[in-house]
Amino acid sequence: MPELPEVETIVRNLREGENFSLPGRKIQSVDLLWDRTLAFPERENFLTRLPERQVAGVERRGKYILLRLDQGCLLIHLRMSGDVRVEPSFDVDGGRRASALHDRLLFYFEDATRLAFNDTRKFGRVWLVDSPDQVLKDLGPEPLSEDFTASLLAEGLRKHKRQVKPLLLDQSFLAGMGNIYTDEALHLAGIHPARQSDSLTEEEVDRLWAAIRHVLSEGIRQNGSSIDWVYRGGGFQNYFRVYRRVGLPCPVCGTKIVRVVVGQRGTHFCPLCQPLRS
DNA sequence: CCTGAAACCTGTCTGC
DNA sequence: TGCAGACAGGTTTCAG
């Protein structure tokens, strides 16, 4: 589930959800159910350092969730199938609530609630570090920040000679884009996903810049996208123009949407609106 | 520098 | 029904 809009939605809910908010809670104990979920530090260090730590704030950077603690910072990357839940620690009978299928890490708080990290495919990772920069140092700009201008995008695209879609997916180029929002942005901008990055005209770059910001903002406004069994709650899938719409008509021209593979990723586009040569 | 393949994992869906 | 194969919202590492 996790591209920028889905992670942003999760972060907002953790920070100030309907029935809960993480800031202010103090960790009592931690249960690590799948060792490889932990990227840093080693198990013993992680388990002994966390009790008594208090959550100071919740932030997002790219696709990372940041839990700022009174000492140190927890980073969570959901990768393909990760998710988090907040729920009571105990059942009605007073016993500790059993973990759910595919729960990998549980944080128990002093107020009898817990945060569960659930991840079917085990790709997700968690870090506990003094400074988040240790993990985030190679990330590109935040696409929705004021720093990310059309001319900055133009400069970046010019600097490389790569297919534009894999470049947009490269987190050191731009932080937060994933397969869905990249396909959607390229369609909105009328750019073929395999176009060479340094071949885009100024007009095309401007359209791409606006399209990236538009699809991400709309994604957040819709609380992300829900597809298959993974994510629930979001509604942006109702507005997909090309993603997983093979054979269905392009919303602009009616041509059938096709699927190809670009940079090892399933890629959806309109052959008429997104020609390979402009 | 760029591209593609493979690895890390589990689950679902499709076609024979 | 069973089974093989493709595919899934991500990232890293390695070969050419």
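Tell me, please, whether a residue that is among the β-branched types (Val, Ile, Thr), exposed (fewer than 14 other Cβ atoms within 10 Å of the Cβ), in contact with a strand residue (DSSP E or B) (Cβ under 9 Å, 6 or more places away or on another chain) and outside any helix (DSSP H, G or I) can be found in segment A:221-243. So far as segment A:221-243 goes, no, none of its residues is among the β-branched types (Val, Ile, Thr), exposed (fewer than 14 other Cβ atoms within 10 Å of the Cβ), in contact with a strand residue (DSSP E or B) (Cβ under 9 Å, 6 or more places away or on another chain) and outside any helix (DSSP H, G or I). Within segment A:41-81, which residues are away from DNA strand B (no atom under 16 Å from the Cβ), within 23 Å of A:Ala100 (Cβ to Cβ), free of Cβ contacts under 8 Å to residues at least 60 places away in the same chain and out of contact with any Cys (no Cβ under 9 Å at 6 or more places or on another chain)? If the condition is that a residue be away from DNA strand B (no atom under 16 Å from the Cβ), within 23 Å of A:Ala100 (Cβ to Cβ), free of Cβ contacts under 8 Å to residues at least 60 places away in the same chain and out of contact with any Cys (no Cβ under 9 Å at 6 or more places or on another chain), then A:Leu47, A:Pro51, A:Val55, A:Val58, A:Ile65, A:Leu74, A:Ile76 are the ones that fit. Among the numbered conditions (1) buried (at least 18 other Cβ atoms within 10 Å of the Cβ); (2) within 22 Å of A:Ser21 (Cβ to Cβ); (3) of a type in the set (A, V, I, L, M, F, W, C), the only one that A:Phe90 does not meet is (1). Considering segment A:249-266 alone, what residues qualify as being on the phi < 0 side of the Ramachandran plot and either within 19 Å of the chain's Cα centre (by Cα) or within 15 Å of DNA strand C (Cβ to nearest atom) (or both)? Result: A:Ile257, A:Val258, A:Arg259, A:Val260, A:Val261, A:Val262, A:Arg265, A:Gly266.
Among the numbered conditions (1) assigned by TED's automatic domain parsing to the domain that holds A:Asn179; (2) of a type in the set (A, V, I, L, M); (3) within 16 Å of DNA strand B (Cβ to nearest atom), the only one that A:Ile257 does not meet is (3). If you go through segment A:189-234 and keep only what is within 16 Å of DNA strand B (Cβ to nearest atom) and acidic (Asp, Glu), you end up with A:Asp198, A:Asp228.
The residue list A:Gly176, A:Gly190 contains one member that is at positive phi and more than 10 Å from DNA strand C (Cβ to nearest atom), which is A:Gly190.
Taking segment A:8-47 as the range and being within 16 Å of DNA strand C (Cβ to nearest atom) and part of a loop (DSSP other than H, G, I, E, B) as the test, only A:Trp34 passes. Contact map, segment A:119-133: first residue away from DNA strand C (no atom under 13 Å from the Cβ), second residue assigned to a loop (DSSP other than H, G, I, E, B) and not small (Gly, Ala, Ser), Cβ cut-off under 8 Å, separation 6 or more or different chains; pairs are A:Leu128/A:Pro41; A:Leu128/A:Leu50. Taken together, the criteria exclude A:Thr120 from residues that are β-branched (Val, Ile, Thr) and farther than 30 Å from A:Ser29 by Cβ.
The values are calculated or read from the model by the stated rules, or taken from the named source; none is laboratory data. Predicted model only: the values in this text are computed from it and were never measured. Cβ sites come from the backbone with ideal geometry, for glycine too, and all protein chains shown count toward neighbours.
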